[in-house]
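Below you'll find the structure, written out as structure tokens, and then a few comments.
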2 protein chains.
Amino acid sequence: MALRTATRQLSRHASPATLSLTAARRQTRGLATPASTPPTTPSKGPTAIVFMNMGGPSTVPEVGDFLSRLFADADLIPLGRFQKYLGPLIAQRRTPKIEKQYAAIGGGSPIRKWSELQAAEMCKILDQTSPETAPHKPYVAFRYAAPLTETMYAQLLADGFGGGKGGRAVAFTQYPQYSCSTTGSSLNDLWKWREKLEGTGRGGEVKANGEDGSIQWSVIDRWPAHKGLVEAFAQNIEATLATYSEADRKDVTILFSAHSLPMTVVNRGDPYPAEVAATVYAVMERLKFSHPYRLVWQSQVGPQPWLGAQTSDTVTNYVANGKKNLVLVPIAFTSDHIETLYELDEEVIGESGCKDSIRRVESLNGNPVFIQALADIAKAHLEGGVQCSKQMALRCPGCTNAKCEASKDFFASGPGGAVEA
Amino acid sequence: MALRTATRQLSRHASPATLSLTAARRQTRGLATPASTPPTTPSKGPTAIVFMNMGGPSTVPEVGDFLSRLFADADLIPLGRFQKYLGPLIAQRRTPKIEKQYAAIGGGSPIRKWSELQAAEMCKILDQTSPETAPHKPYVAFRYAAPLTETMYAQLLADGFGGGKGGRAVAFTQYPQYSCSTTGSSLNDLWKWREKLEGTGRGGEVKANGEDGSIQWSVIDRWPAHKGLVEAFAQNIEATLATYSEADRKDVTILFSAHSLPMTVVNRGDPYPAEVAATVYAVMERLKFSHPYRLVWQSQVGPQPWLGAQTSDTVTNYVANGKKNLVLVPIAFTSDHIETLYELDEEVIGESGCKDSIRRVESLNGNPVFIQALADIAKAHLEGGVQCSKQMALRCPGCTNAKCEASKDFFASGPGGAVEA
């Protein structure tokens, strides 16, 4: 049963290649950037655009390695000085259970497929809207699954970026809202491999960002309330609302669900909860506050306190109170993954006793409105000439992670400095 | 020293009566509603506008009563079935300390002065911009200090509202962001007194909202990202930034500080943290993300876990890391009170060792841009014809408070139903 449901869900997104991006641009006419006039100066490209995300195992046999990397990441799951020993142990213990979950959603995570599609399609749009930085070359760097950061970096060098030849690359986080556990961890990893492959690791002195023909990096580190992102979420919510009868639709409560954080991270001053709330508010503004809603938090594990209210408890409580028309909106990931396809669909909805009236909004995946938004964000960044947001240069008030300091210093350095949103 | 500082601070806001609201309207031209044409139908007024807030003791001898009411409020501080005994005990124990704090800020809370001024000035604007509901009569109802809800309600009845004669009143929360602990508690109290004074308490049957000549209540229950509110905050932040030298200004970090909540309330699904974050994001958008910032939380008490990062820890940590140009922005209260004048000014800033470089942004108080915003919010509500926001009708996922259910049912009932933001 679980397998069948998952197959049905995957098949809903089955033909990304057939998406019409012309239609996407038509749909977002108000948001799209105008077609550029031909460049009067030669292009400064090529420009590498690197999509950063956590990634997921594309096949069931990759689950073990994926979990090992995940539990080895002290930026995500700080286990103290025993991380090296505890991490693999926990990963090993959890592997069989998580393998079953990936098997249930069709045999692996679709995140690589979607990321590669999104990056490639976005670059095609950028080649048209930003000819002065064309050609734009798409890369994907995952934190815990192939293609890993080091693989991506080696590919960049093989493709003629850096390594003495210079060139520009944009690290584009695919987490709309910034957390030190997610985007921060990816950037720390990127900085580590950059030091190994283009810094001291090559036997020379540490080079500054873009110095002596190394790659000139800049970062798109957050975009929680970008109009195109908000539009894509809002359209998908409207599409789900339209599946209810008129009477039921009036009764719907919208539950925005984001991956939770341990309270130690929240209390350290991680900006994520506030940025997720900003996305939610912007989407509800766009929907003219047509329905009551709550922001709730999913996927907490272990005995430590995490930020709530929990998604699963919320659904249980509302159902118990007779509130059965619930629309779940994954608001902090843009592609489907185990937390949508298994946790929300199979567990939260599947076990609610109200599978017909509790419905999940489609993830953004290959949504053309979303891909146009990515292109608009990238274009604005390329035009802005800044290294990263001012926000990114600020460490959390309770941060004691020396890697964060070094990584932030590196990415905020360069001709543009830290500016913009 | 504390007294001197407090006097200086109070004197900054000393002449509210001299504020030019014409100037206010000039300043917010883009936001202000256009002057109305003469009404073609007779006015539906008078309309009572009731400002709801927690209040504060206007003089030091009122501190004891204030704290007694505060610790008796299970909506704010749930102490279980021993509330009746524990509340007064805790209040009594804290009174001497809090008396000293009120003495240090000039002998009492200025919140009544500001609330009465804001309500009166707003009604003057409304009489011009919304003649069809004029005259507008200002009232103030505090939860823990004079004028209490019951005093306000008795005054309404004495002034000819309700009691068989009908009439319309708007409960206008002065907390921009909704929490069950604040606006929720005020509404539960208003509902209680309404039942006592116009419902069963008068010996008759319970009347529905506005039935049989009782007052027709509607509620403005939240306005976290209203443009005028955001503009007023942003202008005040810009004014504080302008007091730094150019070099220091570039280095400023903005810390938005809001009253924290116990994690039990957060995990119940209280909407406040997300709505405060929405305000912060809207203000930073208006400031074009000119500086790095964090949303931090103040005023936690007792041994239970509260939402962080804490304001005081944040300042301590940033100062220790050499980050001394900090601008503190009270973002969840609109008038000065003990949490700004004492906790932020005397404790957080006063004890930071960086009194010259850590500066607090002025509270909104008698700010004409803010008062114009209040008038715009009220006008939109009066025109909208709705009872309250859709959001207000939704109880928290973890709510077990029967009062909330009854009070929400009451306020959401009526000709308009629950609509708008």
Within region A:44-54, does at least one residue satisfy the condition of being modelled with pLDDT under 95 and either touching a helix residue (DSSP H, G or I) at 6+ places or on another chain (Cβ under 9 Å) or open to solvent by less than 30 Å² (accessible area, probe 1.4 Å) (or both)? yes
If you scan region B:240-287, which residues turn out to be over 29 Å from B:LEU76 (Cβ atoms) and either of a type in the set (Ser, Thr, Tyr) or within 22 Å of the chain's Cα centre (by Cα) (or both)? B:THR240, B:THR243, B:TYR244, B:SER245, B:THR253, B:MET284, B:ARG286
Selected residue (criterion: nearest to the other protein chains (Cβ to nearest Cβ)) from residues of region B:246-256 that are open to solvent by 60 Å² or more (accessible area, probe 1.4 Å) and not basic (Lys, Arg): B:ASP251
Hits in region B:278-292 - residues which are more than 7 Å from chain A (Cβ to nearest Cβ) and open to solvent by less than 10 Å² (accessible area, probe 1.4 Å): B:THR279, B:VAL283, B:MET284
Note on region B:102-141: residues aliphatic (A, V, I, L, M) and either in contact with a Cys (Cβ under 6 Å, 6 or more places away or on another chain) or in a loop (DSSP other than H, G, I, E, B) (or both) are B:ILE105, B:ALA134
On the given criteria, is A:LYS355 in contact with a helix residue (DSSP H, G or I) (Cβ under 7 Å, 6 or more places away or on another chain), without any contact (Cβ under 8 Å) to a residue 24 or more places away in the chain and outside any strand (DSSP E or B)? yes
Here is a check on your reading of the model: is A:SER260 surrounded by 22 or more Cβ atoms within 10 Å (Cβ to Cβ), within 11 Å of chain B (Cβ to nearest Cβ) and farther than 23 Å from A:ALA378 by Cα? yes
Is it the case that some residue within region B:390-400 is touching a Leu at 6+ places or on another chain (Cβ under 9 Å) and within 13 Å of chain A (Cβ to nearest Cβ)? yes
If we scan region A:252-272, do we find a residue that is of a type in the set (Phe, Trp, Tyr) and closer than 30 Å to B:ARG294 by Cβ? yes
How many residues of region B:233-258 are in a loop (DSSP other than H, G, I, E, B) and either over 21 Å from B:ASN367 (Cα atoms) or touching a Ser or Thr at 6+ places or on another chain (Cβ under 9 Å) (or both)? The answer is 4
Those residues of region B:313-331 which are surrounded by 20 or more Cβ atoms within 10 Å (Cβ to Cβ) and more than 9 Å from chain A (Cβ to nearest Cβ) amount to B:ASN325, B:LEU326, B:VAL327, B:LEU328, B:VAL329, B:PRO330, B:ILE331
Collect the residues in region A:373-385 that are within 16 Å of the chain's Cα centre (by Cα) and crowded, with 22+ Cβ neighbours inside 10 Å, keeping them in residue-number order. A:ALA373, A:LEU374, A:ALA375, A:ALA378
Taking A:VAL230 and the conditions (1) under 28 Å from A:THR133 (Cα atoms); (2) within 14 Å of another protein chain (Cβ to nearest Cβ); (3) outside any helix (DSSP H, G or I), which numbered condition does it fall short on, given that it satisfies the others? (3)
Only residues that are open to solvent by 10 Å² or more (accessible area, probe 1.4 Å) and in a strand (DSSP E or B): list them for region A:142-179, please. A:LEU148, A:ARG168
Is it true that some residue in region A:347-368 is over 20 Å from A:THR240 (Cα atoms) and open to solvent by less than 30 Å² (accessible area, probe 1.4 Å)? no
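The values are calculated or read from the model by the stated rules, or taken from the named source; none is laboratory data. Keep in mind that what you see is a predicted model, and the values were worked out from it rather than measured. All Cβ positions, glycine included, derive from the backbone under ideal geometry; neighbour counts span all protein chains shown. Keep in mind that these areas ignore ligands, DNA and RNA; they rest on the heavy atoms of the full protein, side chains included. Shrake-Rupley method; radii C 1.70, N 1.55, O 1.52, S 1.80 Å.
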